[in-house]
1. Return the residue satisfying two criteria in turn: it lies in the range A:241-268 and is facing another protein chain (nearest Cβ under 8 Å), within 16 Å of A:Leu211 (Cβ to Cβ) and modelled with pLDDT of 95 or more, and of such residues it is surrounded by the most Cβ atoms within 10 Å (Cβ to Cβ).
2. Given the criterion touching a Ser or Thr at 6+ places or on another chain (Cβ under 9 Å), surrounded by fewer than 22 Cβ atoms within 10 Å (Cβ to Cβ) and not hydroxyl-bearing (Ser, Thr, Tyr), identify the matching residue among B:Leu127, B:Leu71.
3. Taking B:Gly7, is it under 19 Å from A:Leu94 (Cβ atoms), more than 7 Å from every other protein chain (Cβ to nearest Cβ) and without any contact (Cβ under 8 Å) to a residue 24 or more places away in the chain?
4. Condition test on A:Val208, is it buried (at least 23 other Cβ atoms within 10 Å of the Cβ), β-branched (Val, Ile, Thr), within 16 Å of the chain's Cα centre (by Cα) and closer than 30 Å to A:Ile138 by Cα?
5. Among the candidates B:Ser35, B:Ser88, B:Ser45, single out the residue that is polar (S, T, N, Q) and at pLDDT 90 or above.
6. From the list B:Thr12, B:Thr29, B:Thr61, which one is more than 10 Å from chain A (Cβ to nearest Cβ), on the phi < 0 side of the Ramachandran plot, β-branched (Val, Ile, Thr) and surrounded by 20 or more Cβ atoms within 10 Å (Cβ to Cβ)?
7. Which pairs do you get when a residue that is at the interface with chain A (Cβ under 7 Å from one of its Cβ atoms), found in the range B:251-262, comes within reach of a residue that is part of a helix (DSSP H, G or I) and of a type in the set (Val, Ile, Thr), reach meaning Cβ atoms under 6 angstrom, with the pair 6+ apart or on two chains?
8. Any idea which of B:Leu180, B:Leu196, B:Leu172, B:Leu192 is assigned to a helix (DSSP H, G or I) and at pLDDT below 90?
Amino acid sequence: MRKTGLYLLLLPGVLFLTLFMVIPIVMTIASTFYQDGSFTIQGYLQFLTDAYFLKIMLTTLQVSLVTTIACVLIGFPAAYYISKLGPRKKGILLALAIFPLLTSSVVRSFSWMIILGKKGLLNSSLLAIGLIDKPLEILYTPTAMMIGLIHLFLPLIIITLVGVMENIDPDLLKAAESLGASKLIAFWKVIVPLSVPGLIIGSILVFVGSLTAYTTPALLGGKQRVISTFLYQNAITLNDWHLASVIATIMIVITFVVIYFMNKLATKLNPKG
Amino acid sequence: MQEKNRGLALFTSLVFLFLLGPLIIISFTSFEPGSVLKFPPEGFSWRWYENIFNVEMFMTTFKTSMFVSLLGNLLALLLGIPAAYALSRFDFRGKGILNGIFISPVLIPGIVMGFAMLKYVIVVYNLPIYAGLLVGHTVLMLPFIIRVIASSLSNFDFAIEEAALSLGAGRLETFFKVVLPNIRSGIIAAILIAFLESFNNVDISVFMTGPGVSTLPIQMLTYVENNFDPTIAAISVLLMILTAILMFIIERLMGLSYFTKR
């Protein structure tokens, strides 16, 4: 096939993305370095020295980190269990994990408002059994955001890990056991290392996803700001587009730094080399 | 091992209770006859389902969401099918970079993309909000379309294409009569996956709404801010039914393995 034909196939898509994605993103980043026609990094200095901004940043990182760790700790055993099942049961459980993933984040976050609210299911149950004597304030706190985000991303890490664990040769486990390793040791020495690349990819998805999620913090976080709701607030409510662009750039940088280093780590730790 | 398996089974059941419980609870509350969300509901009523159809904004935004997701899907197919074909069929210089560009809309945080689009597509390019929304959703769907179609092309034996070509069929004819029919189920799955992504999208849409233009998820967000009646629960149930139906079709077409591969 002639080269021109090939490029003609790619051109419409590339042109469309350049016009509507690349240029908007690049110009947004570039705009953070210019104010009133001259070069400046004032926007970033302002961001990095303001206690309120830093607190938002810290909350965001904390929430994302806890969410990621929780998803790994909960998702790993569940994924291992699912990966060992027969095809029929495995298919059903995977479908049940994928269903929430495809369900609107508004629906999923809203369901937690019903559960975590002051008069919600959790509080009314705890009050009824007498475990607490006044309602807990969970909704509109970082805890509520974490619960919502774990609910949002747990399926993602489970299905990623099942995908990886399925490909681990079960004979390896048998071999380890026949050489005298106990079940637990065999699991630790065989399954865990071979799952590491999938674990890292899953963690990237969860961490970056939590860092940039909007709906869940907007619904469950109340006045608690995280970086994405802060970006929205500056862009739409406060109309401070310069600051919003700075926040957007910081989000892109963090995202790419995380993806870059975690990918490096995944390659390094890949036992298949 | 039996002991440990039982422990793991119990643990996994609890995980699924955590994942699905909230969705079951929201379904029950949608039948609450009173005007405050309660679980368990104090009776049974279709009242809030009727309310969806009485609140005009839900109907309008539902139509907008449908229109944007379907037309955007068509646009993404027109741009994506040729690109997916070129990327999986040929080796050429710059392929890696192009692959990267086509996948990048999923790497850039949605909220950042929404803001950048508001600044450039709406303000600088001066597109009307409705058109901006459509463009935004097309960009959003493009990587899903390309990824799913490229993966079904990777299972397609291009020798069949060569055979058709050597028997005298033209390139275009071969593509439409041999290649496309062979990857039909992949294309339909791609359409459905992209549709779900677009229909549920908040991050981009939240910037692309303005006077008279909004999508269903954004309307739901706005509604929740001011009301806490079971209407949103009722809509949620309808959306979950839609999701379940589409997921069932995707499963039939290509299996759910697309979701487990990263």
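1. A:Ala248
2. Answer to the selection: B:Leu71.
3. In short, no.
4. It is false that A:Val208 is buried (at least 23 other Cβ atoms within 10 Å of the Cβ), β-branched (Val, Ile, Thr), within 16 Å of the chain's Cα centre (by Cα) and closer than 30 Å to A:Ile138 by Cα.
5. When all the criteria are applied, what remains is B:Ser88.
6. Testing whether each residue is more than 10 Å from chain A (Cβ to nearest Cβ), on the phi < 0 side of the Ramachandran plot, β-branched (Val, Ile, Thr) and surrounded by 20 or more Cβ atoms within 10 Å (Cβ to Cβ) leaves just B:Thr61.
7. B:Leu256/A:Ile98; B:Phe259/A:Ile98; B:Phe259/A:Ile159; B:Thr260/A:Ile159; B:Thr260/A:Val162; B:Arg262/A:Thr160; B:Arg262/A:Ile201
8. None of the other options fit; the residue is B:Leu172.
The values are calculated or read from the model by the stated rules, or taken from the named source; none is laboratory data. Given the structure is predicted, the values throughout are model-derived calculations rather than measurements. Cβ sites come from the backbone with ideal geometry, for glycine too, and all protein chains shown count toward neighbours.
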